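Each remark here refers to the structure printed beneath this line.
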């Protein structure tokens, strides 16, 4: 059994996996474990032979699955890599129902979903405005389940190119200054607790756009699971909105029906009526 | 009036429009610009309200003052609802402020009709123009247009927007005459036809290499379900026409729901929400699964089965076509198997080039076995003829009545 440290991310795992393939070490003889674990990790020698040809589809899958927090992802990815490169299963990536592939695709899906949720649920707060340039600085706190900060960051760079911003998370932080994205270590606690001045208006909007006559709580929760709520300024309205919806509908249904009123004198309405008359004749 | 009060009134006034898409725009971003914003790819839902609807755009009316008298609408002139009006600057600022905090993908702007169609259209355009030209806003803009507005104004709106729309609301002129006397199907369709031509022109120019062109990429519309006696077959036939002849990106179905200030000539009972859900499912079958409207509904049964999704209902009516062999059936046939969605059909087509498919494979693809088993043959499964012939098959799928309201949107696969 060989104990190998996968490092922190896809790049470090790839380097390790390459040398293992190079040395023909089969998956069942590898124990992927962080250095400092129970066993001393073997030193990974840089591969001597030319680079192995690996299908592009595998690289895409592995890059995403590597962001998952599941510690077994490294072994799973090596297993798939081995089967493709050494086992001759060149079509494995096309067989979505293969047990290893199904697991890897599930990891990939979780990661993609979490990146999407990061793009959706990050809430920036205005920190300050530069007095000279007028450039604004924003910051947000987000708690992702997986290691997705790097993968999720380019979206914010493209969208908010002309403001400075930081997104702080326990699994890594990212900062943009208009020129460069920089990544720093994760931090354990939210450094931007104070509410933003616009949150009040946002909550007014959230409350007003809700239609109490069509309650579908389960649907909401499928798309916006509770674990995100604590960092969403609108989420503490949910319970109240659900609670009062029944009463609001009952009140609407009990309202007196409004009679049809005659058309007021209005030149434009006359014109419309004339147009309609011409259309129907 | 305080801005918050206006926002409360004018968001409340806009919430009956079901449209929420922020997808399908041309790819763009704020790198190299001076403002904020990016579009392209799938839209993002930034929040969800307890009605299960997503918040993607700041959806507001510029004003809920209106000279029209559409009885299903809370903003009609005969309603006593509180009225408010935003200034263009207020909407612009709210949009930018919300956008910069990542609350929204952009703006959905509609308006009550004040004075006349052209005047109203100009007010709406002014907001979009300021966002684009003064603030270099590159986020998503959806503008509601008015069929009676001049074609030039509608085209101007399309140049500032990513999507524009006109709501049909009701499928027949007869219904409109009663419930929305100012509206005309003829005028609406003419306007939609003109919009379609302009969208096509823009598309051609883009294809021809014109990268600078800024123009909406699509139009959509909404119909209200359950406010008149139109059947599901009426709605689907109409949608089929709208997708085919007007190249609608989306037709939204909005189940009429009780509103404050109810009109005496509207039905007091709202249709079940599941009817709206079934219409969306049928709409998907038409757009992505190769079904014709006449296969989904017939003159004898003009309404969708509320208890079963329309694909399953179709399969039960056409049992003679099943079971199909997962190893050899064509893509078109596999798409018609209840329980198989577009993505899994693609996967199956890939997998079967290399291996024979078994039930365990389907489980790993997260296909619901109880749903597909009666209709599919696999390497290790052949449904008995008895099962397919039995009347018990329908009973197997019909949910217990109290579960009806628990359906979620992903139920149709």
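The values are calculated or read from the model by the stated rules, or taken from the named source; none is laboratory data. What you are looking at is a predicted structure, and each value in this text was computed from that prediction instead of being measured. No Cβ is skipped: glycine too gets one built from the backbone with ideal geometry, and neighbour counts run over all protein chains shown.
Tabulated results
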| item | result |
| --- | --- |
| Hits in region B:10-33 (condition: assigned to a loop (DSSP other than H, G, I, E, B), at the interface with chain A (Cβ under 7 Å from one of its Cβ atoms) and closer than 18 Å to residue B:94 by Cα) | B:15 |
| Meets criteria (farther than 20 Å from residue A:120 by Cα, modelled with pLDDT of 90 or more, outside any loop (DSSP other than H, G, I, E, B) and facing chain A (nearest Cβ under 10 Å)) for residue B:7 | yes |
| Index of the failed condition, residue B:303 passing every other in (1) over 24 Å from residue A:96 (Cβ atoms); (2) within 14 Å of chain A (Cβ to nearest Cβ); (3) at pLDDT 95 or above | (2) |
| Region A:135-167, residues that are away from chain B (no Cβ under 14 Å), touching a strand residue (DSSP E or B) at 6+ places or on another chain (Cβ under 9 Å) and buried (at least 19 other Cβ atoms within 10 Å of the Cβ) | A:149 |
| Residue list for region B:66-87, filter: away from chain A (no Cβ under 11 Å), buried (at least 18 other Cβ atoms within 10 Å of the Cβ) and touching a helix residue (DSSP H, G or I) at 6+ places or on another chain (Cβ under 7 Å) | B:70, B:72, B:84, B:86 |
| All positions within region B:53-63 that are in a loop (DSSP other than H, G, I, E, B) and within 12 Å of chain A (Cβ to nearest Cβ) | B:53, B:56 |
| Odd one out for residue A:209 among (1) within 26 Å of residue A:152 (Cα to Cα); (2) facing chain B (nearest Cβ under 7 Å) | (1) |
| Test: residue in region B:329-351 that is assigned to a helix (DSSP H, G or I) and farther than 20 Å from residue B:284 by Cβ | yes |
| From B:113, B:141, B:195, residue being under 22 Å from residue A:263 (Cβ atoms), at pLDDT 95 or above and either more than 14 Å from chain A (Cβ to nearest Cβ) or surrounded by 19 or more Cβ atoms within 10 Å (Cβ to Cβ) (or both) | B:113 |
| Every residue from region A:237-252 that is under 21 Å from residue B:74 (Cβ atoms) and either more than 10 Å from chain B (Cβ to nearest Cβ) or without any contact (Cβ under 8 Å) to a residue 24 or more places away in the chain (or both) | A:244, A:246, A:247, A:250, A:251 |
| Residue count, region B:246-266 (criterion: within 11 Å of another protein chain (Cβ to nearest Cβ) and part of a loop (DSSP other than H, G, I, E, B)) | 10 |
| Residues of region B:1-31 satisfying the condition of being exposed (fewer than 15 other Cβ atoms within 10 Å of the Cβ), without any contact (Cβ under 8 Å) to a residue 60 or more places away in the chain and over 20 Å from residue B:161 (Cβ atoms) | B:2, B:4, B:31 |
| Breaking point among (1) out of contact with any helix residue (DSSP H, G or I) (no Cβ under 6 Å at 6 or more places or on another chain); (2) at the interface with another protein chain (Cβ under 7 Å from one of its Cβ atoms); (3) modelled with pLDDT of 95 or more, for residue A:234 | (1) |
| Given (1) within 7 Å of another protein chain (Cβ to nearest Cβ); (2) in a helix (DSSP H, G or I); (3) in contact (Cβ under 8 Å) with a residue 40 or more places away in the chain, index of the condition residue A:272 fails | (3) |
| Selected residue [assigned to a loop (DSSP other than H, G, I, E, B) and in contact with a helix residue (DSSP H, G or I) (Cβ under 9 Å, 6 or more places away or on another chain)] from B:279, B:306, B:316 | B:306 |
| So residue A:202, is it buried (at least 21 other Cβ atoms within 10 Å of the Cβ), within 30 Å of residue B:255 (Cβ to Cβ) and either more than 9 Å from chain B (Cβ to nearest Cβ) or modelled with pLDDT of 95 or more (or both) | yes |
| Matching entry among A:116, A:112 (being in contact with a helix residue (DSSP H, G or I) (Cβ under 8 Å, 6 or more places away or on another chain), within 16 Å of residue A:64 (Cα to Cα), assigned to a helix (DSSP H, G or I) and within 14 Å of another protein chain (Cβ to nearest Cβ)) | A:112 |
